[in-house]
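Asker: Have a look at this one before I ask anything.
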Amino acid sequence: MTNAEEHAAHSAETLRIVKDMEDGLGRAYNETHLHFHEDFTWRGNVGCGVKHGLAEFRNNWQLPIRAAFKDRVYKTEQFIADGEWAACFGILEATHYGTFMGIPATGKRISMPYMDFWRVEEGRIKDNPVFVDFASVLLQLGRDVFQGEGWEAYDSGEKPAPKPE
């Protein structure tokens, strides 16, 4: 097998492991130890926090998301893999039925954009940088964290974009 063939096979195996994990989480199963190292790190953007190990991931991410949102459907738009790393982006659609960031249940259907990156080591996920667009979710639930100053107003022509002097 050539180096290129070995790399392609490694990438394919990484992607298989990640897709198996995503399938399990989408079914709300609790067998995370099958896919994640006990000492893995989940690194979220501001608002999401950082989780060290499976217990923190489960208690401080997985269960709070399940408590706030039901009828979850993960719609991953694209996966890519390169050696020990895989990544994806997509949208989680769900119904807001529990308190989320201080907002009581609204019953609204929301779309939560996300990007995930995973590093697989010894057949399990060891590192997981994640970017979840909580600002978008909050806006859908009636709270504009940018207080009308989001740059979408530049895109729509509602406000002129500032320029350097």
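The values are calculated or read from the model by the stated rules, or taken from the named source; none is laboratory data. Because the structure is a prediction, the values reported are computed rather than measured. Here the Cβ is made from the backbone with ideal geometry for all residues, glycine too, and neighbour counts use every protein chain on show.
Asker: Among the candidates PHE57, PHE40, which residue alone is part of a strand (DSSP E or B), closer than 16 Å to PHE117 by Cα, among the aromatic types (Phe, Trp, Tyr) and out of contact with any Leu (no Cβ under 6 Å at 6 or more places or on another chain)? Step through it out loud before you land on a result.
Answerer: Working: PHE57 fails: part of a strand (DSSP E or B).
Of PHE57, PHE40, the one residue that is part of a strand (DSSP E or B), closer than 16 Å to PHE117 by Cα, among the aromatic types (Phe, Trp, Tyr) and out of contact with any Leu (no Cβ under 6 Å at 6 or more places or on another chain) is PHE40.
Asker: Another question about this same structure. Show the residue pairs meeting these rules: Cβ distance below 9 Å; 6+ apart or different chains; first residue within the range 92-117 and closer than 11 Å to VAL137 by Cβ; second residue of a type in the set (S, T, N, Q) and modelled with pLDDT under 95.
Answerer: Within 9 Å, the pairs are TYR114/THR76.
Asker: So is GLY47 more than 18 Å from PHE131 (Cβ to Cβ) and not in a strand (DSSP E or B) or not?
Answerer: Values: more than 18 Å from PHE131 (Cβ to Cβ): no; not in a strand (DSSP E or B): yes.
No: the conditions fail for GLY47.
Asker: What number goes with the only condition from (1) of a type outside the set (D, E, K, R); (2) at pLDDT 95 or above; (3) in contact with a Lys or Arg (Cβ under 7 Å, 6 or more places away or on another chain) that ALA81 does not pass?
Answerer: (3)
Asker: Quick one: which residue in ALA8, ALA28, ALA4 is of a type outside the set (D, E, K, R), within 26 Å of MET101 (Cβ to Cβ), without any contact (Cβ under 8 Å) to a residue 60 or more places away in the chain and outside any strand (DSSP E or B)? First the steps, then the outcome.
Answerer: Values: ALA8 fails: within 26 Å of MET101 (Cβ to Cβ); ALA4 fails: within 26 Å of MET101 (Cβ to Cβ).
One residue alone meets the criteria, ALA28.
Asker: Could you say which residue among THR106, THR95 is of a type in the set (Ser, Thr, Tyr), assigned to a loop (DSSP other than H, G, I, E, B) and farther than 23 Å from HIS33 by Cβ? Quick ask: steps written out before the conclusion?
Answerer: Numbers: THR95 fails: assigned to a loop (DSSP other than H, G, I, E, B).
None of the others qualify; the one that does is THR106.
Asker: Does LYS108 fit the bill of being more than 14 Å from the chain's Cα centre (by Cα), of a type outside the set (A, V, I, L, M) and more than 30 Å from ALA8 (Cβ to Cβ)?
Answerer: On the way: more than 14 Å from the chain's Cα centre (by Cα): yes; of a type outside the set (A, V, I, L, M): yes; more than 30 Å from ALA8 (Cβ to Cβ): yes.
Here the answer is yes, as LYS108 does meet what is asked.
Asker: Right, another one. Exactly one condition in (1) modelled with pLDDT of 95 or more; (2) closer than 30 Å to VAL145 by Cα; (3) hydrophobic (A, V, I, L, M, F, W, C); (4) not in a helix (DSSP H, G or I) is false for ALA86; which is it?
Answerer: It is condition (2) that ALA86 fails.
Asker: Any residue that is surrounded by 13 or more Cβ atoms within 10 Å (Cβ to Cβ), more than 30 Å from LEU138 (Cα to Cα), at pLDDT 95 or above and over 16 Å from the mean Cα position of the chain (by Cα) - is there at least one of those in the range 32-54?
Answerer: Within the range 32-54, none of the residues are surrounded by 13 or more Cβ atoms within 10 Å (Cβ to Cβ), more than 30 Å from LEU138 (Cα to Cα), at pLDDT 95 or above and over 16 Å from the mean Cα position of the chain (by Cα).
Asker: If only one of LYS70, LYS19 is within 27 Å of ARG109 (Cα to Cα) and not in a helix (DSSP H, G or I), which one is it?
Answerer: Working: LYS19 fails: not in a helix (DSSP H, G or I).
On inspection, the qualifying residue turns out to be LYS70.
Per-residue answers, yes or no, for (1) in contact with a His (Cβ under 9 Å, 6 or more places away or on another chain); (2) in contact (Cβ under 8 Å) with a residue 60 or more places away in the chain; (3) over 16 Å from GLU121 (Cβ atoms); (4) among the aromatic types (Phe, Trp, Tyr):
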| site | (1), (2), (3), (4) |
| --- | --- |
| VAL18 | yes, yes, no, no |
| PHE40 | yes, yes, no, yes |
| GLY49 | no, no, yes, no |
| GLU56 | no, no, yes, no |
| ASN60 | no, no, yes, no |
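Yes/no per residue for (1) within 19 Å of MET21 (Cα to Cα); (2) modelled with pLDDT of 95 or more; (3) surrounded by 14 or more Cβ atoms within 10 Å (Cβ to Cβ):
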position: GLY107; (1), (2), (3): no, yes, no
position: VAL120; (1), (2), (3): yes, yes, yes
position: LYS126; (1), (2), (3): yes, yes, yes
position: LEU141; (1), (2), (3): no, yes, yes
position: ASP144; (1), (2), (3): no, yes, no
position: GLY150; (1), (2), (3): no, no, yes
